[in-house]
Amino acid sequence: MKSKEEELENEQNESVNQDSFKCQVLRVTTEQLSQQISQVQLQQISPTALAYLGDAVYELYVRTFYLLPLQRPEAYHRLVVAQVRAEAQALHLRSLNPHLLDHEQEIVRRGRNAATGRPKRVDPETYQQATSLETLIGYLYLTDAQRLNELLQKLHFEK
């Protein structure tokens with residue numbers, strides 16, 4: 001039988017391994033794509049298109065975050081949907097704001113200004129903030145995988 005200290009140490013090691021796995025998955029996909037896009041092409045991508053990409057990257061990160069420990073698909077879905085909702089994304093953007101660099105703040109502003117039509121259930125400000133987060137994630141996915149990982153690690157998801 002393991003002592004409480006051994007169990008706690010095993011849980012901490014498992015948590016570190018899970019974080020490492022998540023970073024590796026994101027890093028591999030990011031490195032593959034970032035080598036295929038030039039700076040000129042990047043400047044031509046609209047904030048809306050960056051948000052479209054960022055939405056997918058963010059959801060992939062959240063899905064990977066909840067992958068371990070193993071659960072039923074219904075549990076995965078419930079956990080992921082709670083984090084990819086506009087309200088949760090807006091909260092995450094607010095938590096990241098103090099950590100953003102000037103050029104990242106500019107990307108967030110561009111994303112906020114590009115947010116147009118919205119679902120009826122979400123107020124305009126929340127939708128703009130969610131779109132801003134997605135725009136930032138899309139931009140960093142294409143330009144700076146290390147920075148993207150750094151910021152995503154600062155987000156606090158509930159288990």
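Values in this text are rule-based calculations from the coordinates and carry no lab data. Being a predicted model, the structure only gives us computed values, none of them experimental. Ideal geometry is used to build each Cβ from the backbone, glycine not excepted, and the neighbour counts take in all protein chains shown.
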Neighbour counts of other C-beta atoms within 10 Å: give me HIS77, HIS156 arranged from fewest to most.
HIS156, HIS77
Run through region 97-134 and list the trypsin sites (Lys or Arg not before Pro) located in a DSSP loop whose Cβ has at most 15 other Cβ atoms within 10 Å.
LYS120, ARG121
Which ³J(HN,Hα) values in Hz, rounded to whole numbers, follow from the phi angles of region 45-52 under the Karplus curve 6.51 cos²θ - 1.76 cosθ + 1.60, where θ = phi - 60° and Gly and Pro get x?
7, 6, x, 5, 5, 5, 5, 4
